[in-house]
Structures are given as structure tokens and as C-alpha cells.
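The values are calculated or read from the model by the stated rules, or taken from the named source; none is laboratory data. As the structure is a computational prediction, the values presented were derived from the model and not from experiment. So basically every Cβ, Gly included, is an ideal-geometry build from the backbone, and we count neighbours across all protein chains shown. These area figures cover heavy atoms from the full protein model, side chains too; ligands, DNA and RNA do not enter into them. Shrake-Rupley method; radii C 1.70, N 1.55, O 1.52, S 1.80 Å.
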Amino acid sequence: MTKMKLFQMNDLTRLLLFAAVILTMPIWLAPLGGAYPDLLQKFAIYGIFAIGFNILFGLTGYLSFGHAAFLGVGSYAAVWSFKLFTMNAIPAVFFGVIFAGLLALIIGFLSLRRSGIYFSILTLAFAQMSYNLAYSVLTPITNGETGLQLSQQDPRIIDNLFTEASAGLPSTTLFGIKMSGYPGFYFCAALLILCFFISLRIFRSPFGLMLKGIKSNQNRMRYTGLNTRPYMLTAFVISGMYAGLAGSLLAVTDPLAGAERMQWTASGEVVLMTILGGVGTLVGPMLGAGLIKYFENIFSGFDNNVLFDAFSFLPDAVAEFIVPIVGLFVGGGWHLTLGLLFVIIVIFLPGGIVEGVQKLVDLIRKRREPMNNNMSPQDQPGE
């Protein structure tokens, strides 16, 4: 077997393992309390968002603070697809990706004229402009602060050609399958696996190597006569399309769109996801997204009653002392726990969770090597 075939086989194994882990999430997340469909959908959707952001930040080193704009545009485009054409999820996803890609092309063309902190500030400014436009100026399109929602008066041209309108609001479907509950999760999971595969191919491609070269030393590449801007713009557009896909899936699983999805906090959240998991790694951003969403949805639900039940094995006096202290880090204070975790990872594991796992694997491997060296020749495993 040639080296190339072996390399391809390793990538295939990595893809199959990733797919198996994602598709079995309802099983292995059940003991952790995270197996309910709404949370699983968020894991998959924000995993797509983070993986796409990593294509820009992880490969080129360009830090964008404006990716929430593409997330919001994807949601708006998907809801308009539901209102005008059909409740089928496929056209909604298509429109979400296309419109987000067009916006990314415009913002990227203007922002990539600068680098470093100036690029980051420009993307933040464009995102805030998009938020304000959606919130107040473009209210006929976005419905302002109320948000864009479905109504019984929507034309839904394609659906009305084949079926009669029902009395209530329709549900999003995939060729008749309702996109709620576990079917909605598996639809998002299938797209997450596809996005991971595309990201994997980008990382391994000559295009991905060019992006890594830009991150390493862009000036040196320019001295060779290479125009780096088309590569950076392409990466920016692809990253924006990933965000648009995530935004459209948010609308597929919950058919509404609001300007709050375009706020700077949403852009900052995907930055935290990527840094926590591991910038420039394949699965790190997905791990970071899952961790933050788990904290947001599980830790935030721990109130004092839950804590008293958890510490019921302790004497009452001890429990009454411990619960108020622990309560500072859960429930409404879950951000404090996340902040401490972020500080610890940045200080001790700059490469994120993936670096921590790699160090653990290397430590176990080093401990096994002396054991194998001390074994007698007849005890050594066969070739």
C-alpha cells in the first residue's frame, strides 16, 4: 500500500469514526442529561458554525468578529423560503447558504483590504451594521424586534399547488418528515458530517496548504509573486456559507428568525468555541461548541433544589454550607464556570481541548514504552 493510499485510509477512518460518534449522540449523552432533541440539534448546528469559522480563523489566522451576520442572514433567508415557497427544508437550506455566501463575498472583499486587528474591527462593524439594519431599518423584510415568523396568510406557492392549507401553522418537513425532535437532529447531524468531510478535504487540499502558508508568513508568499487575496476571500466566503447553513438549520428546527442572532455576542461565542476546542484542528471547534452549549443548557438549569438533592447524602449543616458556594458556578452563574474553564485552557492548554487530549495520549504512550522495553524478547508481541 502506498503512502497516499494509507493517508486516504486514515482520513476515511477518521470520517467514519466522527460519523459514528455524531449519530450515536442520543445514546452516549443520555447519562449526561444531554440526549433531548433540542439540545442535540444545537450541538450539530453550532458544530457546523464552529467548523466553518475554523476554516477562516484556523487556517488563515484571520480573526472575524462578524460571523453572526451570516448566521442571521441564513435564518432570514430560510424563513422567507418557508413563507414564500414551501415548508420543505431543502430549499430553505439552499437559500440560507447562497444569501450568506453573497453577503460574505461583499464583506470579505471590503474587510480583507486590512489585516490583523483592523480586519477584526471591520468585520465587527459590518456585523453591527447588519444587526441594526435588521432591527430597525429593514423591518419590512425582517419584522424588526418582533422577528420574522410564519403566518397563515403566507403564500407558500409550491405547497399550495399540491395541498390545501391547514387551519394551523404548518411544520417544517423533509419530504413529509417533520423536522422536529430526533428527525430534525438526524437531518442536522447528516449535514454536520458532510460539513466535516468538506472541511477535512479543504485541510488536506493544496488550497488548504496555501491558507496555512498565509497564516505562517503571508508577506513571504507575496514576495514570491503570489496574490493571496483570492485565497483569503474564498476561505472567507466558504466560512460565511457554513454560518449561513447553521442559521438556516436554526430556522428549520424552529421556524423563526430574529436580529438577536446577528449580535456581536453570537460572533464572540463562535470564537470561544473554536479557541476552547482547538484552533486549526479538525474536531476541536465541534468539541468547543458542544461544551459551551452543554454548559448553557444543562448547567444553567441547576438551581438550589437540584443541588440540595445532589448533596442529600451529606449532613444538613454541611449541605447548607456547600450548596450556596456551588450555586455561584451553576444556574445563573454558569458563565462563571465557563469563564474559569476558558482561563485554564488558555493558560495551560493554548491548543485547546484537543491539545489536552493529545498530551494525555502522549503521557500514556511514554509510560507504556518503559514497560515494553523491560519485557524479555520472548514476551515481546509478534510482528
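For the reader, a short list of remarks on this structure follows.
- Verdict on ALA243 being touching a residue at least 12 places away in the same chain (Cβ under 8 Å), assigned to a helix (DSSP H, G or I), open to solvent by less than 10 Å² (accessible area, probe 1.4 Å) and touching a strand residue (DSSP E or B) at 6+ places or on another chain (Cβ under 8 Å): no
- Where LEU233 falls short, out of the listed (1) at pLDDT 95 or above; (2) assigned to a loop (DSSP other than H, G, I, E, B): (2)
- At least 3 residues being touching a residue at least 40 places away in the same chain (Cβ under 8 Å) and under 22 Å from ALA266 (Cβ atoms) is the threshold, and among the helices (runs of 4 or more DSSP H) wholly inside region 89-180 those reaching it are 89-111, 116-132.
- Considering only residues in region 246-285 that are among the acidic types (Asp, Glu) and either touching a His at 6+ places or on another chain (Cβ under 6 Å) or within 16 Å of LYS42 (Cα to Cα) (or both), the one that is surrounded by the most Cβ atoms within 10 Å (Cβ to Cβ) turns out to be GLU269.
- Taken together, the residues in region 317-362 that are open to solvent by less than 60 Å² (accessible area, probe 1.4 Å) and either among the aromatic types (Phe, Trp, Tyr) or not in a helix (DSSP H, G or I) (or both) amount to 5.
- Of all residues in region 247-269, at least one satisfies being touching a Lys or Arg at 6+ places or on another chain (Cβ under 8 Å) and at pLDDT 85 or above.
- Check on ASP11, of a type in the set (Asp, Glu) and more than 19 Å from the chain's Cα centre (by Cα): yes
- The set of residues from region 92-123 being surrounded by fewer than 18 Cβ atoms within 10 Å (Cβ to Cβ) and not aromatic (Phe, Trp, Tyr) comprises ILE98, LEU102, LEU105, ILE106, LEU110, ARG113, ARG114, SER115, GLY116, ILE117, ILE121.
- Evaluation of PHE126 against (1) within 22 Å of the chain's Cα centre (by Cα); (2) among the aromatic types (Phe, Trp, Tyr); (3) open to solvent by 70 Å² or more (accessible area, probe 1.4 Å) (one fails), failing number: (3)
- One residue alone among LEU138, LEU148 is farther than 26 Å from MET273 by Cα, in contact with a Ser or Thr (Cβ under 9 Å, 6 or more places away or on another chain) and not charged (D, E, K, R), and that residue is LEU148.
- Among the residues of region 199-225, those identified as more than 25 Å from the chain's Cα centre (by Cα), loosely packed, with under 15 Cβ neighbours inside 10 Å and on the phi < 0 side of the Ramachandran plot are ASN217, ASN219, ARG220, ARG222, TYR223, THR224.
- The combined condition, being in a loop (DSSP other than H, G, I, E, B), aromatic (Phe, Trp, Tyr) and open to solvent by 50 Å² or more (accessible area, probe 1.4 Å), is fulfilled by PHE313.
- ALA77 part of a helix (DSSP H, G or I), touching a strand residue (DSSP E or B) at 6+ places or on another chain (Cβ under 9 Å), at pLDDT 95 or above and small (Gly, Ala, Ser): yes
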